[in-house]
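Below: the structure, in structure tokens.
All of the numbers you see were taken from the coordinates with simple rules; none came from a lab. All figures in this text were calculated on a predicted structure; none of them were measured in a lab. Please note: Cβ atoms are built from the backbone with ideal geometry, for glycine as well, and neighbour counts cover all protein chains shown.
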Amino acid sequence: MSPPDQAGIANERRRRSRWIAAVELGLISSTFSTIVSQLFAARIGRDAAVDWTTVAAIPVRDWALGSEPSWSAILIGIAFHQWADFSWAVVFFGVLGRWTATLRPLAILLLALPWAIFSSGMEWFVLVPLFPFWQPLFTLQQPYWIGLLVHASSALMYPLFARLRWERGAAAERDLRFTDAWLAGALAIVATLGIVAMFGSHGYELPWVGRDKDADQTYMRHMTTHHAQGIALARIAVRRAQDPHLQKLAQLLVASQTGESRLLENWWLSWFDITMPDCSSDERAAMPGFLTSAEMRLVALAPADQFDAVFVEMMSRHHKGAVKMADQMWHSRGDLRLRVMAHAIRHEQQGTIALMHGASGFAAVLTATRNMLDDNVN
């Protein structure tokens, strides 16, 4: 055997199968995105447990939904998310490995970020609401940017493939230096987010940084009060709804609005160091979509064969008011975290209205796209 042939064989032995490296990278990147998503969610007003439950509803449908997120639903949601992120990594480095497997770390990163846009878009616009899952709930409840952030965090780990594709010690020295620094940076991000999350869970969030404190405080008080009525209204449907799917949506409403109220109260105590004052009767009467006592009784006492229609009408009116309030906050000068949370609330409550009216398929995708961009119910 000639020396060039021997050198080629030795080089091939040092190089690992791109499929093995793709599998390892998929496990690393999906785990990293899960940890970052869990730790970062509350910083932008997301209840991670509710989000994982919504993800779990993609494969197991209404079974995952409940008034309180169950551990089984949360674990299914995490597992499904990790499977999806894992699969995208295997496609990127395995199926497309002819073009991606030999790239340098920085080149991988430059391609991985557009890949995150593509993969999150495919899930949000096609794979989940249309073929193969036909589940509109995820797309109508979570705006696209949430999935994009999750996929982007996964893509940040892709440069490590330049190290994994070689047997130990065989990678180029400059690639080893780059991936060492990159891995150290990833661990520092996790540690920082963990510390911030730990302090946040004890009522010590990063300080308020808005430009209109009175407006932010008014919104937080009003939305918390508005949510309290929405939870009470949804609990009636949990007991009385005739349509099992509507009953499950009502349970999701209880879980999501309870989580959002808890986050708003935690922010309030952390930012302003006082107890959140109750809203007055005049404030409640002036809130858009806030139902009167008579209207609440109308729902509670509606005949069984009319309950679902009455509930959908009243909850739709209630949600439209919350959408209007959230839209105003999104376009305000308030703290960015509060505005980002308001954008998600605007999207999910418009989406719930569509779900209660049976939106599905391509129509649900169009509705979700419009809802993400604007207030389309007022």
Ala285-Val95 pseudo-label distance in nm [points 7 Å out on the Cα-to-Cβ vector] | 6.1 nm
In the neighbourhood of Asn378 defined by beta carbon distances under 15 Å, the net charge of the other residues (Lys, Arg +1; Asp, Glu -1) is +2
If you build a Gaussian network model of the chain, linking Cα atoms that sit under 10 Å apart, which residue out of Thr292, Thr53, Thr31 swings the most?
-> Thr292
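With r defined as the distance between the Cβ atoms of Trp166 and Phe118 and R0 fixed at 30 Å, what FRET efficiency is calculated, to the nearest 0.05?
Values: r = 27 Å, r/R0 = 0.91.
After rounding, the FRET efficiency stands at 0.65.
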What FRET efficiency do you get for Phe133 and Leu176 if R0 is 51 Å and r is their Cβ-Cβ distance, rounded to the nearest 0.05?
-> 0.80
List the chymotrypsin sites (Phe, Trp or Tyr not before Pro) in segment 188-242 that DSSP assigns to loop (not H, G, I, E or B) and whose Cβ has at most 12 other Cβ atoms within 10 Å. Which are they?
-> none
In degrees, nearest 10, range 0 to 90: what is the angle between the Cα axis of helix 244-272 and the longest Cα principal axis of the chain?
-> 80 degrees
Identify which of Ala181, Ala309, Ala84 has the largest mean-square fluctuation in a Gaussian network model of the chain, with springs joining Cα atoms closer than 10 Å.
-> Ala181
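Suppose every Lys and Arg Cβ carries +1 and every Asp and Glu Cβ carries -1, with no other charges. What dipole size does the chain come out with about its Cα centre, to the nearest 20 debye?
Values: 33 positive and 33 negative charges, 207 e Å.
About 1000 debye.
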Can you tell me the relative contact order of the chain? Whole percent, Cα pairs under 8 Å, sequence separation 6 or more.
-> 22 percent
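Two-decimal Rg/Rh of the chain from alpha-carbon positions, Kirkwood Rh? Write out the running numbers ahead of the final one.
On the way: Rg = 23.9 Å, Rh = 22.5 Å.
Rg/Rh: 1.06.
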Quick one: which residues, 5+ away or cross-chain, put their amide H under 5 Å from the amide H of Trp166? H built at 1.01 Å from N.
-> Arg16
Once Glu313 and Ala184 are pulled to full extension, the length gained, defined as 0.36 nm per residue separation minus their Cα-Cα distance, is 41.1 nm
Starting from the Cα of Arg211, step 7 Å along the direction of its Cβ; do the same at Asn378; then give the gap between the two resulting points in nm.
-> 2.1 nm
In whole Hz, with x marking every Gly and Pro, tabulate ³J(HN,Hα) for segment 123-130 from phi via Karplus 6.51 cos²θ - 1.76 cosθ + 1.60, θ = phi - 60°.
-> 5, 6, 8, 10, 5, 7, x, 10
Any chance you could run the full-extension gain for Asp243 through Arg333? It's 0.36 nm times the residue separation minus the Cα-Cα distance, nm to one decimal.
-> 28.2 nm
Please determine, in degrees from 0 to 90 and to the nearest 10, the orientation of helix 105-122 with respect to the longest principal axis defined by the Cα atoms of the chain, where the helix direction is its Cα long axis.
-> 40 degrees
Working from Cα positions, state the angle (0 to 90°, nearest 10) between the long axis of helix 213-240 and the longest principal axis of the chain.
-> 80 degrees
Counting each DSSP H run of 4 or more residues in the chain as -39500 (n - 2.57), what helix-only mean residue ellipticity at 222 nm follows after dividing by all residues, to the nearest 500 deg cm²/dmol?
-> -23500 deg cm²/dmol
List, in order, the whole-Hz ³J(HN,Hα) value for each residue of segment 25-35 obtained from phi through the Karplus relation with A = 6.51, B = -1.76, C = 1.60 and θ = phi - 60°; use x for Gly and Pro.
-> 5, x, 5, 5, 5, 5, 5, 4, 5, 5, 5
GNM on the chain, Cα springs under 10 Å; top mean-square fluctuation among Ala255, Ala191, Ala359 goes to Ala191
